[in-house]
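Q: Quick one: the structure is below, questions incoming.
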Amino acid sequence: MSDTRDALIAAARDAATRAYAPYSGFHVGAALLLKNGDVVTGANVENASYGLTLCAETAAIAKIANEGWIGELTEVAIIGGRPEGDALLGTDPVNPCGRCRQVLNEAAERSKTDILVHCASGDGKTVASYRLSDLLPAAFGPKDLGLID
Ligand code: THU
């Protein structure tokens, strides 16, 4: 339990209100904490061609990469569920999908940080926190291409 964690989850929850998810009805928000304390968020963006959907984490990473901040990541929060009024329903923490783990790893390696990933249930009552290296052990990344030490 930490203030940082709770603030990140609140930012992710706010981002989830801007999800474009008319097909699944499952709204996901992600919040990225940068080394300078800034928080950048993203939400899932679905598509009528379902397989083209962008996850919240990937949308958020694209935002920091486009700003030149891919090497500034320290911590992440993810929340998801089904909206009902102002609430987000769901009792199970939302874990990042496999593709998002790989996308997060790119920023984590560039940031030289084994980032913390907080996974929250929609109702906010359950949070599971992991190191990315536990979610994606033996990752392939820029270090394998000799781009970083
Ligand atoms: N989703 C995310 O945004 N992040 C994840 O890590 C898992 C899944 C989204 C994709 C889709 O819009 C909805 O959740 C249901 O799969």
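The values are calculated or read from the model by the stated rules, or taken from the named source; none is laboratory data. The structure presented is a predicted model; accordingly, all values stated were derived computationally and were not measured. Quick reminder, even Gly has a Cβ in these numbers, built from the backbone with ideal geometry, and neighbours come from all protein chains shown. Accessible surface areas use protein heavy atoms only, side chains included; no ligands, DNA or RNA. Shrake-Rupley method; radii C 1.70, N 1.55, O 1.52, S 1.80 Å.
Q: Give me a count of the residues in the stretch 4-33 that are open to solvent by 70 Å² or more (accessible area, probe 1.4 Å) and either out of contact with any Gly (no Cβ under 9 Å at 6 or more places or on another chain) or among the charged types (D, E, K, R) (or both).
A: 6
Q: Can you tell me which residue among D86, D123 is more than 16 Å from the ligand (Cβ to nearest atom), open to solvent by 20 Å² or more (accessible area, probe 1.4 Å), modelled with pLDDT under 95 and closer than 19 Å to R13 by Cα?
A: Numbers: D123 fails: modelled with pLDDT under 95.
Testing whether each residue is more than 16 Å from the ligand (Cβ to nearest atom), open to solvent by 20 Å² or more (accessible area, probe 1.4 Å), modelled with pLDDT under 95 and closer than 19 Å to R13 by Cα leaves just D86.
Q: Further question: For T41, state whether it is within 15 Å of the ligand (Cβ to nearest atom), part of a helix (DSSP H, G or I) and among the hydroxyl-bearing types (S, T, Y).
A: Values: within 15 Å of the ligand (Cβ to nearest atom): yes; part of a helix (DSSP H, G or I): no; among the hydroxyl-bearing types (S, T, Y): yes.
It is false that T41 is within 15 Å of the ligand (Cβ to nearest atom), part of a helix (DSSP H, G or I) and among the hydroxyl-bearing types (S, T, Y).
Q: Could you list, in sequence order, all residues of the stretch 94-120 that are part of a loop (DSSP other than H, G, I, E, B), surrounded by fewer than 16 Cβ atoms within 10 Å (Cβ to Cβ) and either touching a residue at least 24 places away in the same chain (Cβ under 8 Å) or at positive phi (or both)? Lay out the reasoning, then the answer.
A: Residues of the stretch 94-120 part of a loop (DSSP other than H, G, I, E, B): 94-97, 111-115.
So of that shortlist, the ones also surrounded by fewer than 16 Cβ atoms within 10 Å (Cβ to Cβ) come out as 95, 97, 112, 114.
N95, C97, K112, listed by residue number.
Q: Which count do you get for residues in the stretch 123-139 that are outside any strand (DSSP E or B) and in contact (Cβ under 8 Å) with a residue 24 or more places away in the chain? Talk me through it step by step, then tell me what you get.
A: From the stretch 123-139, those outside any strand (DSSP E or B) are 123-126, 132-139; that's our starting set.
Narrowing further to those that are in contact (Cβ under 8 Å) with a residue 24 or more places away in the chain: 123-126, 132, 135-136, 139.
Within the stretch 123-139, residues that are outside any strand (DSSP E or B) and in contact (Cβ under 8 Å) with a residue 24 or more places away in the chain number 8.
Q: Here is a follow-up. Test G81 against the stated conditions and say whether it is surrounded by 15 or more Cβ atoms within 10 Å (Cβ to Cβ) and either within 19 Å of L34 (Cβ to Cβ) or touching a Pro at 6+ places or on another chain (Cβ under 7 Å) (or both).
A: Values: surrounded by 15 or more Cβ atoms within 10 Å (Cβ to Cβ): yes; either within 19 Å of L34 (Cβ to Cβ) or touching a Pro at 6+ places or on another chain (Cβ under 7 Å) (or both): no.
Criteria not met by G81.
Q: Moving to a separate point now. Return yes or no: is V76 outside any strand (DSSP E or B), touching a residue at least 60 places away in the same chain (Cβ under 8 Å), surrounded by 14 or more Cβ atoms within 10 Å (Cβ to Cβ) and β-branched (V, I, T)? Walk me through it before giving the result.
A: Values: outside any strand (DSSP E or B): no; touching a residue at least 60 places away in the same chain (Cβ under 8 Å): yes; surrounded by 14 or more Cβ atoms within 10 Å (Cβ to Cβ): yes; β-branched (V, I, T): yes.
So V76 fails the test.
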